[in-house]
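Step one of this worksheet: look at the structure below.
The values are calculated or read from the model by the stated rules, or taken from the named source; none is laboratory data. Because the structure is a prediction, the values reported are computed rather than measured. Positions of Cβ are generated from backbone atoms using ideal geometry, with glycine treated the same way; all protein chains shown enter the neighbour counts.
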Amino acid sequence: MEAIEDLAFKPCTSSLYLRPFRLCYRQNGTEKFWDFMRTHDSVSILIFNTSRQCFVVVKQFRPAVYMCEVERHHPQVFQHQDKESFSRLEDPLPAVVGVTYELCAGIVDKPDLSLEEIACGEVLEECGYRVSVTDLRRITSYRSGVGVTGSRQTLFYAEVTDQMRTSEGGGQPEEGELIEVVEIPLEDCMKFAYDETLPKTMGVIFSFMWFQNNIAPKLQKNKIKTP
């Protein structure tokens, strides 16, 4: 995953996933404009393995995160770019600075499928567990990137067992995915959530907190009842 080489970047003139626009408008009598990107909505899934008492998350290299770190260390890289330039990164940072921990997730790009069906497909592709729509519990939905994309992400919860795992997961290599499945023990989850040395999405932190408020108390009651 961290064998990243021959790094180069250039302006993006077209994309299957991002479309830049500018909205011009008048607010309270003042003329304004705002630049934004249209992109797909998405689903994410908090997966809890009851056999192992652990969360199942994914880990992958994110170029956008990597380039934010590059700019933080070498701000001149972006300052000297223009619309036609194509630049190779000299003395690049190690790839690990762009690796993040995330919930299993995917974009909503299949209009013939429900959000639940898309979520089930992502759980199988990325983490290797076969779940059905009835195994999912919808937690909530929220807006992400409100200043840039405003896209909606819908969050689900799924409990799985070792018997439900049918493959190693890892995503779809033909689509360029290279995903590592990671297990976070329940007793370590909040320490993991607040450890800033382990880059992660807000979805991970929020969903772990939701679990502690909504699922963990029931687990404790079940332990007490068990002789």
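Residues checked against (1) free of Cβ contacts under 8 Å to residues at least 60 places away in the same chain; (2) of a type in the set (D, E, K, R); (3) outside any strand (DSSP E or B):
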site: Asp6; (1), (2), (3): no, yes, yes
site: Pro11; (1), (2), (3): no, no, yes
site: Ser15; (1), (2), (3): yes, no, yes
site: Phe21; (1), (2), (3): yes, no, no
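Of all strands (runs of 3 or more DSSP E) completely enclosed by the range 133-218, which ones contain at least 2 residues that are farther than 18 Å from Ala119 by Cβ? Don't jump to the end; show me each part of the working.
Working: elements: 136-144, 151-160, 180-185.
Result: 180-185.
Return yes or no: is Ser141 surrounded by fewer than 18 Cβ atoms within 10 Å (Cβ to Cβ), modelled with pLDDT under 95 and hydroxyl-bearing (Ser, Thr, Tyr)? Don't jump to the end; show me each part of the working.
Values: surrounded by fewer than 18 Cβ atoms within 10 Å (Cβ to Cβ): yes; modelled with pLDDT under 95: no; hydroxyl-bearing (Ser, Thr, Tyr): yes.
In short, no.
Tell me the residue from Val123, Val204, Val133, Val160 that is surrounded by 19 or more Cβ atoms within 10 Å (Cβ to Cβ), closer than 24 Å to Arg52 by Cβ and in contact with a helix residue (DSSP H, G or I) (Cβ under 7 Å, 6 or more places away or on another chain), please. It would help to see each step written out before you state the result.
Details: Val123 fails: in contact with a helix residue (DSSP H, G or I) (Cβ under 7 Å, 6 or more places away or on another chain); Val133 fails: surrounded by 19 or more Cβ atoms within 10 Å (Cβ to Cβ); Val160 fails: in contact with a helix residue (DSSP H, G or I) (Cβ under 7 Å, 6 or more places away or on another chain).
Going through Val123, Val204, Val133, Val160 in turn, just one is surrounded by 19 or more Cβ atoms within 10 Å (Cβ to Cβ), closer than 24 Å to Arg52 by Cβ and in contact with a helix residue (DSSP H, G or I) (Cβ under 7 Å, 6 or more places away or on another chain): Val204.
Output the number of residues of the range 87-116 satisfying the condition of being farther than 17 Å from Arg72 by Cα, without any contact (Cβ under 8 Å) to a residue 60 or more places away in the chain and surrounded by fewer than 15 Cβ atoms within 10 Å (Cβ to Cβ).
Total meeting the criteria: 5.
Regarding Phe36, is this residue surrounded by 15 or more Cβ atoms within 10 Å (Cβ to Cβ), in contact with a strand residue (DSSP E or B) (Cβ under 9 Å, 6 or more places away or on another chain) and outside any helix (DSSP H, G or I)? Show your work before the answer.
On the way: surrounded by 15 or more Cβ atoms within 10 Å (Cβ to Cβ): yes; in contact with a strand residue (DSSP E or B) (Cβ under 9 Å, 6 or more places away or on another chain): yes; outside any helix (DSSP H, G or I): yes.
Yes.
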